[in-house]
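Scroll down for the structure; my scribbles are underneath it.
What follows draws every value from the coordinates through simple rules; no lab data is involved. In this text the structure is predicted, and so the values were computed from the model without any measurement. Heads up, the Cβs are rebuilt from the backbone with ideal geometry, glycines too, and the neighbour counts pull from every protein chain shown.
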Amino acid sequence: MKVLTRFIVAGFLVFTGLINAEEACEPAVDVADSLDVNATMDCNYEETGLNGVVHKLFNRDTAKPAPSDSSPDNLHHADQSVIPENQVESAFVANARELAAARYQLLQKISDQCSHEFRLLDERYSSRDKAIKVKLGYECLGD
Amino acid sequence: MKKVLASVVLAALPTTLLADVIVYGKANVALQHADENGDSKMELVSNSSRIGIKGSEDISEDLKVIYQFEYQTEVDDGDRNGRTFNQRNIYIGLQGKAGTIMGGMFDTPLKVAQEKVDVFNDLEGDLGAIFNGETRAKNIIQYVAPGSIGPFSASVAYIASEEDGVDDGVSASVGYAPENMYFGLAMDQDVQAEDLDIMRAVARITIQSVQLGAFYERVDNGIDDGDGYLVSALWNLNPVWALKAQYGKTDLKYDSAFETYAEDNESISIGADYRLSKSTTLYGFYTQVESELESATIRDDDYLGVGIDFKF
């Protein structure tokens, strides 16, 4: 009986280990079709598809304040008052694993935008209801 | 002049007004060979292509207004029943910590309970070809339990018939969706038709690259009753290719053409998806649908098609 119990437990652990996490955010049209009014709270569609175009079309650019010291050394330090022209941000996520995955997805998105190398200029985190999102500012190099 | 003025006004709007607005849509078109009761033809069909806008606006820290306006467009021939746009799910609601109350014209909880089990959704193999209850109800008001109850979900809706002497309808569902699984139970009473009661049980599980679905329905129209079931499978071979198959059988299905219930309804579909990108999928399918009425075949249709699905 003990052997059978262990076998069942081991089988369950193997079974659950095979189950992978689903994607965090589905396309907005699928979320709308599901009528899940609780689903959109954690997804950001401001940079995707038609919605991204509409938001960019009517988005006002914020002016970049001049850096206080233009010496080369200063370029290596993150300046909170400098807002990078290019930036991407994740949805709010609830744990460390999802945060790491979200940051990786943002880096992939940046790599799609830049034909060669890129450099991060800014990395910010904000929180809401114990969830955290990351925002990365970047510039493409060698374009 | 009006278009220029509108553009200027929109450009002057503060960006915060657009912050919680999502514009979205889908274009799905298929070229298919249809053999319907012996009549063959080639046709280009638009499969529930649509455009919509949804959003929310905070009233207070714990309360916000939510809304959605979605319209179907016929990408193939420009109109349906003489209209360029036909209403799909449209609602306005209030959402707070205690849940959401919403009203409008939208899919009932029973219809929504199918979740992702129908892997040929919106195509000829859609489960709506042989199952009842696929209702987008008018004059519906619905309560949705808050998302704070974790993997559980619950909805209950009241559908006003707006006709004296005709019963109003009720639709409700409960769901449980832990990671990579979904289980749902749902019911309709006097929604699709008076005295038509429907009960559904749905299950879906995703294991690695395989999704399996099962769907059971019990129908009672006050005169006759019957069962129906559907099984589906979707296999993601790799990030680009997916294979899928679906089989369903029901005892009773309301047929609007004959204004009665067809019997021994059966649908089988096989297909493949090729993902060009996150937003664009090419697909191919074969579907066979059969129905009988008083032992005579009233539907014996085959469809073979290829199409494109683009989400924006």
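A Stokes-Einstein calculation at 37 °C with viscosity 0.692 mPa s, built on the Kirkwood radius of the range B:227-290 over Cα pairs, returns a diffusion coefficient of 243 µm²/s. As a calculated quantity, the FRET efficiency between A:Tyr125 and B:Ile92 at R0 = 30 Å, using C-beta atoms, amounts to about 0.30. Pairwise Cα separations in the range B:133-181 fall into 10 Å bins from 0 onward with the following percentages, short to long: 23, 41, 25, 9, 2.
May I have the pair-distance distribution P(r) for the range B:2-311, computed from all Cα-Cα distances with 10 Å bins from 0 and rounded to whole percent? Using 10 Å bins, I get a P(r) of 6, 21, 33, 27, 10, 3, 0 for the range B:2-311. Phi-derived couplings, Karplus 6.51 cos²θ - 1.76 cosθ + 1.60 at θ = phi - 60°, listed residue by residue for the range B:281-294: 10, 9, 9, x, 7, 10, 9, 10, 10, 10, 9, 10, 9, 6 Hz, with x used for Gly and Pro.
For B:Ala233 and B:Asp167, a Förster radius of 30 Å and the Cβ-Cβ distance give a FRET efficiency of 0.20, rounded to the nearest 0.05. Ordering B:100-112, B:150-162 by mean Cβ neighbour count within 10 Å, with the highest value first, yields B:100-112, B:150-162. Specify whether the C-alpha gyration tensor of the range B:130-257 places it in the rounded, prolate or oblate class, a ≥ b ≥ c being the square roots of the eigenvalues: rounded for a/c under 1.5, otherwise prolate if a/b is larger than b/c and oblate if not. Judged from the Cα gyration tensor, the range B:130-257 comes out oblate (a/c at least 1.5, b/c at or above a/b). Computed packing ranks the peptides A:121-131, B:131-141, B:230-240 as B:131-141, B:230-240, A:121-131, most packed first, by mean other Cβ atoms within 10 Å. A 31 angstrom limit on the alpha carbon distance is what I want to check against. Which of A:Lys56/B:Lys244; A:Lys133/B:Lys54; A:Lys130/B:Lys138; B:Lys97/B:Lys138; A:Lys135/B:Lys54 exceed it? Exceeds cut-off: A:Lys56/B:Lys244; A:Lys130/B:Lys138. Here the Karplus curve 6.51 cos²θ - 1.76 cosθ + 1.60, taken at θ = phi - 60°, turns the phi angles of the range B:249-256 into couplings of 8, 9, 7, 9, 9, 5, 10, 5 Hz, with x standing for Gly and Pro. Between B:Thr260 and B:Ile223, full extension at 0.36 nm per residue minus the direct alpha carbon distance yields a gain of 12.2 nm. In this label model, A:His116 and B:Ile207 are separated by 5.0 nm, measuring between points 7 Å along each Cα→Cβ vector.
When the alpha carbon gyration tensor of the range B:49-167 is reduced to an equivalent ellipsoid, its three semi-axes come out at 26, 18, 17 angstrom, largest first. Scattering from the C-alpha atoms of the range B:187-312 alone, worked out with Debye: what is log10 I(q)/I(0) at q = 0.11, 0.21 1/Å? Ignoring solvent entirely, the Cα scatterers give -0.51, -1.17.
Using a simple spin-label model with pseudo-atoms 7 Å out from Cα toward Cβ, B:Tyr158 and B:Leu282 lie 5.2 nm apart.
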